[in-house]
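Undergrad: Right, I'll just put the structure down here and ask away after.
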């Protein structure tokens, strides 16, 4: 099907629009924007900067994608936003492009759902099937791994990472990395238990969930440390692949500043 552009939309002639793109009234699309087939923009959406968007995405009114990073050191370089396929961006979601401090790209995977007023700051990496509820705020350089869910009003400190299959409860303040498979909540957020509901929905085996639960007890109740927890679980025959992912994530967090694995800045910085 042909691309349909509302007569009140402003689309720079240099923008690249694939087939079957729908652009609603009062949308604005800049010259360095590429939009994939089947993507739909409701009224009042702004796509700007060097922004590449895949197929079958949907943007609700008020979204601003590819705007300048909210970083005082940004000097206007042509950093980017890249977005995969089949994502939903509800009302007034903002995704800022990257900075020179990092890789220069803010990236969003595929099949994500961003509810109203969510903010994705510069240099964030959002993997596939991530859900952010209303008013979630992701600081710069945040990484959210696949299949993670952040409930309403969650604020994530810059450079923090949210592990795969994890859940962060509403209004939590995330200052440190949230390990995979865990349910975290609090001010500041801490891993409280295993995210069993999500693991069952994602068809994790009973044995895998039991092993992850045992690891949680050792790490966050007995507090034996990663090395000792590994030894215990290996002796029990429970050091499965999922736990290798969990332990690698935690060790990476411990190597970073303040429990944030992506934060490798020097103390002087």
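Undergrad: Between helix 206-216 and the chain, what is the angle of the helix's C-alpha long axis to the longest principal axis, kept within 0 to 90° and rounded to the nearest 10?
TA: Relative to the chain, helix 206-216 is tipped by roughly 80 degrees.
Undergrad: I'd like the antiparallel share, as a percent to the nearest 5, of DSSP beta bridges with both residues in the chain.
TA: Working: 6 of 61 bridges.
Here the share of antiparallel DSSP bridges comes out near 10 percent.
Undergrad: Return one number: the angle in degrees, 0 to 90 and rounded to the nearest 10, between the long axis of the Cα atoms of helix 226-235 and the longest principal axis of the Cα atoms of the chain.
TA: Taking Cα atoms only, the helix is inclined about 70 degrees.
Undergrad: Moving to a separate point now. Please report 173, 97 as a ranked list, fewest other C-beta atoms within 10 angstrom at the top and most at the bottom. Could you put the intermediate results ahead of the total?
TA: Details: 173 15, 97 25.
If I rank by nearby Cβ atoms, fewest first, I get 173, 97.
Undergrad: At 222 nm, what helix-only mean residue ellipticity would the chain give, in deg cm²/dmol to the nearest 500, using -39500 (n - 2.57) for each DSSP H run of four or more?
TA: Numbers: 4 runs with 42 residues, N = 269.
Value at 222 nm, helices only, nearest 500: -4500 deg cm²/dmol.
Undergrad: Would you mind ranking 166, 213 so that the residue whose beta carbon has the fewest other beta carbons within 10 Å leads the list? Write down the numbers at each step before the final one.
TA: On the way: 166 26, 213 15.
If I rank by nearby Cβ atoms, fewest first, I get 213, 166.
Undergrad: For 159, 204, 187, which order do you get if you count the other beta carbons within 10 Å of each Cβ and list the fewest first? Don't jump to the answer; show the numbers that get you there.
TA: Details: 159 23, 204 20, 187 11.
So the ranking, lowest neighbour count to highest, is 187, 204, 159.
Undergrad: Rank-order 59-72, 125-138, 240-253, 222-235 by packing density, defined as the average count of other C-beta atoms within 10 Å over each peptide's residues, highest first.
TA: On the way: 59-72: 19.2, 125-138: 21.6, 240-253: 17.5, 222-235: 14.1.
Per-residue mean Cβ counts within 10 Å order the peptides as 125-138, 59-72, 240-253, 222-235.
Undergrad: Also, I was wondering about something else. According to the Kirkwood expression over distinct Cα-Cα pairs, how big is the hydrodynamic radius of the chain, in Å?
TA: Working: mean 1/r = 0.0515 Å⁻¹.
Result for the chain, one decimal place: 19.4 Å.
Undergrad: Taking the 0 to 90 degree range and rounding to the nearest ten, how far is the long axis of helix 241-255 tilted relative to the main principal axis of the chain, both from C-alpha atoms?
TA: 80 degrees
Quick note: the coordinates plus some simple rules give every number you see, no bench work behind them. Being a predicted model, the structure only gives us computed values, none of them experimental. Virtual Cβ from ideal backbone geometry, glycine too; neighbours counted across all protein chains shown.
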